[in-house]
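**Student:** First, the structure itself, so that you have it in front of you.
The values are calculated or read from the model by the stated rules, or taken from the named source; none is laboratory data. Source: prediction; values computed, not measured. All Cβ positions, glycine included, derive from the backbone under ideal geometry; neighbour counts span all protein chains shown. Side chains are part of the model used for accessible areas, which takes the heavy atoms of the whole protein and leaves out ligands, DNA and RNA. Shrake-Rupley method; radii C 1.70, N 1.55, O 1.52, S 1.80 Å.
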Amino acid sequence: MMARFFAFFGLAALLAGNPQPLIAQEQITVFAAASLKNALDDVNAAFIKATGIKVVTSYEASSTLARQIEQGAPADLFISADLRWMDYVAERKLINPDTRVNLLGNKLVLIAPADSKLGNITIGQGFAIAKLAGAGRIAVADVKAVPAGFYAKAALEKLGAWAAAEPKLAQAENVRATLAFVARGETPIGIVYETDAKIEPKVKIIGVFPDDSYPPVTYPVAATTDTKKPGVGQYFSFLRTLPAKAIFERYGFSYLIKPIS
């Protein structure tokens, strides 16, 4: 599989080195988890500048994007915020398995409005998150469908906090909507990715969930089965470059693959 994977990128590199007249006018469509927006917008801008290939990106919950791909939405690449939804499209043969790779990692944090009186919280076994919320609610992404919600539920269960927290949850359609609940002061606390908290000045991180309390936050990427565009290979190759790595790390993502240039 890995031999075919690198052969795919080898073809992309060849195409990049011998540009065809149509490639500069090509457009590729990327479906990406909402939490990637700021970082991936910067990566895409750098890619467009380097290649002239236009990138159109649709950001939403990974669950929503996976189902859209299943329904025939014209995506060329899919970047999920967890393995589960990439597995979902893989099982339906909607992605090219030879292109699949785990690209990024992230962490789960507890946030409050920037002007909140809540200070730093040590999160551990027996974490009383329901009491911390007081009369308010706890913002999370949909725990039944959205990756950030999956991770949040797993952490609360592992820490023994789920039973008390569940009745107080304010569930949102994706992690950016969760972030907005707290930024607008609609909930006193929320659970989001570290990278989301860092881009919103109206919130502050008040606690970090222990790494062993939830499955590793992993962002896999893959090309869809039907795409034939040469620019897709070039885009994959760009994601593996040092400039792309630097952008992702600047936003707080961990970079899980070895750069090729």
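**Student:** If you place +1 on the Cβ of every Lys and Arg and -1 on the Cβ of every Asp and Glu, how big does the dipole about the Cα centre of the chain come out, in debye to the nearest 20?
**Tutor:** The dipole magnitude comes to about 220 debye.
**Student:** Between K131 and S58, how high is the FRET efficiency from 1/(1 + (r/R0)^6) when r is the Cβ-Cβ distance and R₀ = 41 Å? Nearest 0.05.
**Tutor:** With R0 = 41 Å, the Cβ-Cβ based efficiency is 0.55.
**Student:** With each run of n ≥ 4 DSSP H residues scored as -39500 (n - 2.57), what mean residue ellipticity at 222 nm is computed for the chain after dividing by its residue count and rounding to the nearest 500 deg cm²/dmol?
**Tutor:** Helix contribution divided over all residues of the chain: -11500 deg cm²/dmol.
**Student:** Taking just the alpha-carbon atoms of the stretch 101-165, what radius of gyration and Dmax come out, in angstrom?
**Tutor:** Looking at the stretch 101-165, its Cα Rg and Dmax stand at 13.0, 43 Å.
**Student:** Could you work out the pair-distance distribution P(r) of the chain from its alpha-carbon pairs, with 10 angstrom bin width and percents rounded to whole numbers?
**Tutor:** Computed distribution, short to long bins: 7, 31, 32, 19, 9, 2, 0.
**Student:** A follow-up question, please. Once neighbouring chains are kept in place and the probe is 1.4 Å, which whole percent of the accessible area of the chain is contributed by carbon and sulfur?
**Tutor:** Whole-percent figure for carbon plus sulfur exposure: 56.
**Student:** What is the packing order of peptides 118-127, 210-219, taking the mean over residues of other C-beta atoms within 10 Å and listing the highest first?
**Tutor:** By packing density, highest mean first, the sequence is 210-219, 118-127.
**Student:** Along the charge dipole of the chain, pointing to its positive end and built from +1/-1 on Cβ of Lys, Arg, Asp and Glu, which listed residue (A164, P201, N38) has its Cα farthest out?
**Tutor:** Most positive-ward Cα: P201.
**Student:** State, to one decimal in nm, how far the label point of S261 lies from the label point of E249, with both points 7 Å from Cα in the Cβ direction.
**Tutor:** The answer from the label model is 1.9 nm.
**Student:** Plugging the Kirkwood radius over Cα pairs into Stokes-Einstein for the stretch 21-105, at a temperature of 10 °C and a viscosity of 1.306 mPa s, what D comes out in µm²/s?
**Tutor:** 118 µm²/s
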